[in-house]
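Below is one structure; the comments refer to it alone.
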């Protein structure tokens, strides 16, 4: 397979159409800097061949240039054998495909299927294609950084290689027949165990499930036997306990003991009643004593309270009189500070008014100065606009380059036609002597030279008639001259000039006028910078509008007074005002504190007056009772309290001998024991009935018979598991044997590939052997008697081996007629100079058998390589 051209439009970074032509049969090199789109070219080829036109996956949407909603398009011209094909494919919007070649034109899905048949790949999934489905080209078109490890070929490519190997080696192991045998064994093994983890599945899993169920049944039967035996023992125990509880409930000694305790409880309750009565009477007598004592205490408290209230009233009255003088002093100070703050405020307001007036005058002065400056700018602009108006008509005389070139060509054509006519015409020289005359075609002519381009008749009166005929080509030359002159005259008339020189002069004058116009326009634009004082925006229009709206010019006036002096005076006045305000604030705080203290003292005086009046009233009320009568009542109450205390002691002694709580607890314990025994008897009766029903329900077979059946079913299930386990083990053994056999014969089967790859690899790694696995992936190399896994090699060596093994596969497939071409995107990044030279030599040799395309950004590294170089700048 050979690529001939590639076209892109709206594909990632290539928004505008781009076409690459000139791909040669051998080595093609595209050297461009990073970010120029080399990898995009390979991605476009993958899209054209392997991605269906109707796909709308995330990959296909990524083909659109960033931020654009367009339809990516790819066109490829390629050869397969001696047939030429043209492929066009468009994605997303109005998606379509067109495949032309071999005398046919195919579109839509039929074109996709035909493309698959031509290139030997399979349709991918909904997300696009992958390495397994891309076939041989998916193996040989190596995108950036994917050749850094020796990955095995994809499934479709692997099938192609196996078919070629089977034809060359004729071995079963390692070929499709071996794969079918392995697949059948894998299917049989997979029906019994999982392929990866080896866990039971299918019939083996069913047998193990049956065995697990049988073992569960045995365990359940054993549990039932145990429960049956436990139920018999529990039934006998419950019947025994029921008989003992019934004997306890019928015990006569327990009834006699409870009757005796009831009699003791009655005696104790009567004694408790007498104690409660004594306690109530004692409390009543004690309350009488306390009430009488309280009356006596209140009388003494009223006398003391009156004395204290009168003293507090005198103190409050003295405090009010002492604070009055201090309060009047603070109030006078506050009045003085208020007047000073008012004077400072007035002075500050006056200074501020003077400052504002000065500022307004300064603003107006600046505005008048800015207006005058704007008028000057406008006058200058008007002069520039007048000059601009003078040059605009001249600028309209510009003649387009193509018209001027056409006029020059017509001028040359006229000159050339005249030269041709002159070369083919007859020259007639006439020299009249004396009064002689000559007529040409009946018209008198004067002395001189004439060019004769057509037949004429010359008459010399009274002497001769001469006929003159020019050569045959003279007429066509004259016709050509007339045609050229007419065309030239028409063009001059359309342009409105008299000659080609005049046209050139007018064009030059017009172009110079255009340059002058541009310079004047820039000068006008720079003359209108705007003015923040007038809030004037930049531009001629705002300036003219402003000047038109202003009255006639006025003098800006004198510069206002010095603002700095006024601002300094204003700051001083404001500072004095702030000081006066702060002093006034402190004076007002002191006045408020004095007012609060004075108000508090007044309130204390009022409260003291009220307390004294209340204490006097209370003492007057207590004075109505004589103190001697209160003392007598207190003595009588204390004597009654003594008698009640003696009666309370006697009742307490009686109750102490009878423990009523102990008696009640004893009676309660007897009653609780009787209730619990009755409750336990009822529960035992129910449990006995339940156990008797459980034993009767088991029937004649009973749990022991069920256990025997479960044990027998368990043995059958164990035998079934053993049978399927043996079969799975045999299949596993067969799998391992076939795998070992495949490994033993893989060297023979892959011998053609190994030999081809070794020719290349030995040029960079002398005396090195290769090892491939069953997937045709390069796994290790052998040198100096040591096996080295590929993953342990350097990145550069891995990349070189990956490219060389691909070349070996390509050589094998090329011999079978498969469509083969090699594309490498930024190869040999980690190669040293010596290895790089060897690898490029190998690629040059391979390019004699197949088309090779290198995409790289390293111009220095590939400068020595001889090949067909293609540049994106030429696209």
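Assorted remarks:
- On full extension, the segment bounded by residue 568 and residue 603 gains 7.4 nm, given 0.36 nm per residue less the C-alpha separation.
- Secondary-structure-derived ellipticity at 222 nm for the chain, considering helices only, amounts to -23500 deg cm²/dmol, per-run term -39500 (n - 2.57) for DSSP H runs with n ≥ 4.
- Crossing angle, helix 108-119 versus the chain [Cα axis fit, 0-90 degrees, rounded to tens]: 80 degrees
- Residue 267/residue 679 FRET efficiency (R0 35 Å; Cβ-Cβ; nearest 0.05): 0.60
- Cα-based helix-to-principal-axis angle, 500-526 vs the chain, degrees rounded to 10: 20 degrees
- When you count the other C-beta atoms within 10 angstrom of each residue and take the mean per peptide, 382-391, 23-32 line up highest first as 23-32, 382-391.
- Fully extending the segment from residue 713 to residue 537, taken as 0.36 nm per residue of separation minus the present Cα-Cα distance, adds 52.9 nm.
- Listed peptides 661-669, 716-724 by packing density, highest first (mean Cβ within 10 Å): 716-724, 661-669
- Extension gain for the segment residue 54 to residue 863, taken as residue separation times 0.36 nm less the Cα-Cα distance, is 287.1 nm to one decimal.
- Taking label points 7 Å from Cα along the Cα-to-Cβ direction, residue 519 and residue 324 give a separation of 10.2 nm.
- Helix 795-815 vs. the chain, principal-axis angle (Cα, 0 to 90°, nearest 10): 60 degrees
- Label point distance in nm, residue 284-residue 297, each placed 7 Å from Cα along Cα→Cβ: 2.4 nm
- Distance between the pseudo-spin-label points of residue 548 and residue 578 (7 Å out from Cα toward the beta carbon): 5.1 nm.
- Where the Cα pairs of the chain fall when distances are cut into 20 Å bins, in %: 8, 13, 12, 14, 17, 19, 11, 3, 2, 1, 0
- Given R0 = 60 Å, the distance between the Cβ atoms of residue 379 and residue 405 translates into a calculated FRET efficiency of 0.85.
- Calculated FRET efficiency for the pair residue 246/residue 633, C-beta based, R₀ 56 Å, to 0.05: 0.20
- Ordering of 845-858, 185-198, 758-771 by burial proxy (mean other Cβ atoms within 10 Å per residue, highest first): 845-858, 758-771, 185-198
- Shape of segment 426-467, Cα gyration tensor, a/c cut at 1.5: oblate
- Hull volume in cubic angstrom per residue (convex hull over the Cα atoms of segment 773-867): 124 Å³
Values quoted throughout were computed directly from the atomic coordinates according to the rules given, and no laboratory measurement underlies them. Being a predicted model, the structure only gives us computed values, none of them experimental. Here the Cβ is made from the backbone with ideal geometry for all residues, glycine too, and neighbour counts use every protein chain on show.
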